[in-house]
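The values are calculated or read from the model by the stated rules, or taken from the named source; none is laboratory data. What you see is a predicted model; the values in this text were computed from it and never measured. So basically every Cβ, Gly included, is an ideal-geometry build from the backbone, and we count neighbours across all protein chains shown. Ligands, DNA and RNA are excluded from the accessible area calculation, which covers all protein heavy atoms including side chains. Shrake-Rupley method; radii C 1.70, N 1.55, O 1.52, S 1.80 Å.
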Amino acid sequence: MASANRPDLLGEVVADLQRQTWRDFTLVLSVPDESSLPAGPLPEGTVVVHDRGLAAQRNAGLAAVPEATHVFCFDDDAVVREDFLERAVLFFAAHPEVVALTGQVLLDGAAGDEIPRDEADQALAASSAAPPSGRWTPSRELYGCNFAFRADAVGGERFDARLPLYSWLEDHDFARRLMRHGALAKVDDCVIVHRGVKSGGRMAHERLGYSQVMNPAYLHHVGSFPLWLTVYETLPRTTKNVVRAVRGPEAEWRRERVRGNARAMGDVLRRRFTPERILDLPLSRDRRAGRLTPDSSGRPR
């Protein structure tokens, strides 16, 4: 579990995981500092590590449990059905050719409005009434809000720590590299709701705009993304930024994303593949002025 500055949400998913039907696991919380941890005592045996940036935090978590046979990653706003771990472990046992899986997301607030907790609970309860289906499909992606992999079957792969902060596309990059070791699967019996809780913080839109262009280009440069995937991950988002920057309620912060897009395009044209440059870019003007701007969970729209 990688989280930052959302202790209440993290506390909810920690409590949810204590109700899993499969109990033989070590809970690892990877946070920037103690202020991101939930209030009150943590479950016995919990491991806490510290780093900043999603990819770096996940790597710190992996380093803390070198003996793990399977690794599960959940977002701090995921509501995990109580049999997720059990169903995943059983699936891996039955399908040795599969090295990683991602579950069925019943509701996804990252793609629209935030999902209230009671609605998430009701959806999961309704889904658990049906018997296991055994259905699964091959996949080429691992959705970052929920995925699992065999630690001993992926050749020691780690998340790319050159993708800082939001680590835009780190889950997609990780999936592409795991495909070199075996198959990926989307498993219907491993069920979650992704609430898509907006953090209430201030999005540094110019930084995100830079990552939207630079990260796919960098991942192509290092051999993770083919050219078609680089274009697919870049063109729709940059086009949306340009169109919505003209007028409308999103215009101001979309313009900041366009500035970030343009900076990254300039660097790519100069053959500078520098995803970490977002650390040198200014925060959004709205953030410097102390005004709230839209923020989002998962992949910002």
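Below is a table of values for the structure above.
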{"quantity": "Whichever residue in region 32-74 is over 21 Å from the mean Cα position of the chain (by Cα) and among the aliphatic types (A, V, I, L, M) and, among such residues, is farthest from GLU86 (Cα to Cα)", "calculated": "ALA39"}
{"quantity": "Criterion violated by LEU229 - all others in (1) closer than 21 Å to ALA110 by Cβ; (2) aliphatic (A, V, I, L, M); (3) open to solvent by 40 Å² or more (accessible area, probe 1.4 Å); (4) at pLDDT 95 or above satisfied", "calculated": "(3)"}
{"quantity": "Qualifying residue in region 128-144 (condition: open to solvent by less than 20 Å² (accessible area, probe 1.4 Å) and under 19 Å from the mean Cα position of the chain (by Cα))", "calculated": "yes"}
{"quantity": "All helices (runs of 4 or more DSSP H) inside region 1-108 with 3 or more residues being farther than 27 Å from LEU124 by Cα", "calculated": "54-64"}
{"quantity": "Contacts under 6 angstrom Cβ, first residue in region 118-146 being in a strand (DSSP E or B), partner β-branched (Val, Ile, Thr), 6 or more apart", "calculated": "TRP136/VAL187; ASN146/ILE192"}
{"quantity": "VAL213 open to solvent by 70 Å² or more (accessible area, probe 1.4 Å), β-branched (Val, Ile, Thr), closer than 21 Å to GLY266 by Cα and part of a helix (DSSP H, G or I)", "calculated": "no"}
{"quantity": "Qualifying positions in region 20-31 - open to solvent by less than 30 Å² (accessible area, probe 1.4 Å) and either touching an Asp or Glu at 6+ places or on another chain (Cβ under 7 Å) or in contact (Cβ under 8 Å) with a residue 60 or more places away in the chain (or both)", "calculated": "GLN20, SER30"}
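Residues are listed down the side, and each one gets a yes or a no for (1) closer than 24 Å to GLN104 by Cβ; (2) modelled with pLDDT of 95 or more; (3) among the β-branched types (Val, Ile, Thr):
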| position | (1), (2), (3) |
| --- | --- |
| ASP160 | no, yes, no |
| TYR166 | no, no, no |
| PHE174 | yes, yes, no |
| MET179 | yes, yes, no |
| ALA183 | yes, yes, no |
| ASP188 | yes, yes, no |
| VAL191 | yes, yes, yes |
| VAL197 | yes, no, yes |
